[in-house]
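**Q** Mind looking over this structure? Questions follow.
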Amino acid sequence: MKISLSTRLISIMVFSILLSAFISILLVSSFTMKTFMGYSHQRDRDIALTLAEALSSVESEEQLEMVLHSLGSPKTRTGRQMMGPMMGSRPSEKSPATALKRMPSLMISTGDEVIPLLIVDRNGKVIQGQSHDYFGVLGTTLHPDSFTQGAPFYLQGVLAGYVLTGRQVGVDVERGEFSYYHSIFRGILIYPTFAALMASLLGALMLGKALKPLKSLYKGVVTIGKGDYAYRVQLPRKTFLNSDDDLTRLSEGFNEMASTLEASQEWKKQIITDTAHELRTPVSLIMGNLEMILDGVYQADRSRLESLYRESVNLAGLIKNLQTLSSEESGQNRMDREILSLPKILHQSLEDFRALAEKEKITLLEDLEEDCSFMGDRNRTGQILKNLLVNAIRHTPEGGGITLRCKGEGTQVLLEVEDTGAGIPPDLRERVFDRFFKMDASRSSGGSGLGLSISKILVENQGGQIRVVEGKTGGALFQIRFPKILKESS
């Protein structure tokens with residue numbers, strides 16, 4: 001069974017909230033119970049101390065009865081009032097200790113609850129207290145660990161015994177106290193649980209809404225996987241909760257990726273079309289001439305074979321350029337970097353093309369500074385210069401000139417190739433580096449339209465930049481900048 005991501009996230013969130021609420025309930029309940037019991041024990045001990053102080057101050061039975069009456073309404077387990085007869089009796093001549101033994105079982109009323117009291121003599125013998133279902137028969141002797149926890153009282157300056165509450169000898173808390181604690185516990189249990197459930201419901205709704213773009217993203221991935229690159233994810237409406245969240249940025253990134261893929265596909269289609277067009281011409285010429293020779297229309301003489309050979313060379317050059325461009329863009333070719341001296345490389349390139357330039361009646365000039373070194377690949381740099389010089393010779397008229405320059409500019413090395421041709425209009429200067437771009441018939445005679453594209457990728461792979469501007473004579477001026485190697489100061 002497949003479970004969606006949103007369902008799993010909502011389940012985890014709800015479980016976390018409920019678990020947190022359960023742990024909080026346990027901790028709060030434990031703390032409340034400890035606090036409540038501590039308060040109850042302290043209150044009971046305060047009552048015992050108060051009664052012990054009162055008992056220590058009496059000197060007669062009548063005073064003892066008045067003290068007990070001031071603490072509450074002493075009752076028996078059956079609820080019989082004790083103070084009336086005692087308050088109405090005449091003063092007794094017996095000692096307070098004798099009067100204490102004549103007192104029935106004691107209970108102190110504190111409003112909603114009744115707290116049992118126990119009085120033992122100094123040896124731990126029960127002389128007054130609750131009925132036997134709490135403490136056993138009167139006269140029972142308690143263990144010292146129990147009665148010594150009570151509040152001591154004195155009669156006529158002599159330790160007479162101890163006053164204890166039911167809790168101090170192990171009696172459970174009265175039903176009223178448990179009822180009060182249970183009401184608190186129910187509140188602790190019910191309200192946080194209800195709040196946790198409401199928070200889970202609200203969180204699930206908000207999380208479901210927040211994760212809604214994931215469904216659109218999934219649909220987009222499937223759609224693009226099928227080849228439909230025009231699909232775009234609908235961006236979530238921006239609010240104060242999701243104005244710049246991860247899902248919004250993910251959706252925007254997905255749309256940018258889809259746009260890039262769509263442009264790449266269009267570019268790929270265009271490349272295939274342009275490549276097929278460029279290959280069609282030499283292949284058609286070769287096939288046409290061969291068919292004519294086979295049909296006996298043309299003779300297989302030397303001039304005809306030389307023409308076929310030239311077309312084959314052009315075709316091989318086009319294929320090689322395509323391979324070079326593809327491998328450079330993919331980074332498959334290894335780059336052998338070394339310190340290169342541009343003046344030497346430029347001078348050698350001029351000498352290599354001097355014969356071709358003289359044949360076309362073009363003058364080659366150079367203006368080279370010595371301090372022009374950079375870290376690059378020798379073969380790639382030579383290929384760049386070859387492509388630029390071929391392009392310049394192709395578009396420079398007879399009697400024109402081509403100038404090569406190099407000089408240092410701060411932290412860069414500037415290389416320039418300038419011709420005296422017709423130049424390139426400003427709106428086309430960026431496009432001349434596109435594959436198979438040919439500005440017009442006058443500048444597209446010969447060549448495959450790949451030389452400048454290859455030069456651009458070769459420059460960029462060596463950390464440089466290339467651009468074309470207008471030269472001093474109106475021709476094309478290609479400028480290349482490489483990071484300069486600075487000489488260490490002595």
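A short reminder: the numbers here are calculations on the coordinates, not readings from a lab. Remember, it's a predicted structure, so these values are computed and weren't measured experimentally. Note that each Cβ is placed from the backbone with ideal geometry, even for glycine, and that neighbours are counted across all protein chains shown.
**Q** Whose amide H sits under 5 Å from the amide H of Lys484, counting only residues 5 or more places off or on another chain, with H placed in the peptide plane?
**A** The answer is Gln412, Val413.
**Q** Counting only residues 5 or more places away or on other chains, whose amide H sits under 5 Å from the amide H of Asn333 once H atoms are built in the peptide plane?
**A** Sorted by chain and number, the residues that satisfy this come to none at all.
**Q** Something else: So, with +1 on the Cβ of K and R and -1 on the Cβ of D and E, and no other charges, what is the size of the charge dipole of region 337-483 about its Cα centre, to the nearest 20 debye?
**A** 440 debye
**Q** Pull out a ≥ b ≥ c, the square roots of the eigenvalues of the alpha-carbon gyration tensor of region 303-395, then state rounded if a/c is under 1.5, prolate if not and a/b is larger than b/c, and oblate in the remaining case.
**A** oblate
**Q** Given a cut-off of 24 Å, what percent of all Cα-Cα pairs of region 344-469 lie beyond it?
**A** Of all Cα-Cα pairs in region 344-469, 26 percent lie more than 24 Å apart.
**Q** Among rounded, prolate and oblate, which fits region 270-357 when a ≥ b ≥ c are the square roots of the eigenvalues of its C-alpha gyration tensor, a/c under 1.5 means rounded, and a/b larger than b/c means prolate?
**A** Note, shape of region 270-357 comes out oblate.
**Q** Quick query: amide H of Gly471 versus all other amide H atoms, modeled in the peptide plane; which residues come in under 5 Å with a sequence gap of 5 or more or a different chain?
**A** Residues meeting the criterion, in which the H sits 1.01 Å from N, are Ala476, Leu477.
**Q** Please name which of Leu477, Met335, Leu404 has its Cα lying farthest along the dipole of region 335-490 towards the positive end, using unit charges on Cβ (Lys, Arg +1; Asp, Glu -1) and the Cα centre as origin.
**A** Projecting each Cα onto the dipole axis, the largest value belongs to Met335.
**Q** Assign unit charges at the C-beta atoms only (+1 for Lys and Arg, -1 for Asp and Glu), then state the dipole size of region 250-328 relative to its Cα centre in Debye, rounded to the nearest 20.
**A** In debye, rounded to 20, region 250-328 gives about 340.
**Q** I've got another one for you. So which of Lys386/Lys456; Lys407/Lys438; Lys226/Lys320; Lys215/Lys269; Lys268/Lys456; Lys268/Lys484 end up more than 24 Å apart, counting from Cα to Cα?
**A** From the list (Lys386/Lys456; Lys407/Lys438; Lys226/Lys320; Lys215/Lys269; Lys268/Lys456; Lys268/Lys484), the Cα-Cα distance tops 24 Å for Lys407/Lys438; Lys226/Lys320; Lys215/Lys269; Lys268/Lys484.
**Q** Taking the Cα centre of region 346-388 as origin, sum charge times position over the Cβ atoms of Lys and Arg (+1) and Asp and Glu (-1), and report the length of that vector in debye to the nearest 20.
**A** Computed charge dipole of region 346-388: roughly 360 debye.
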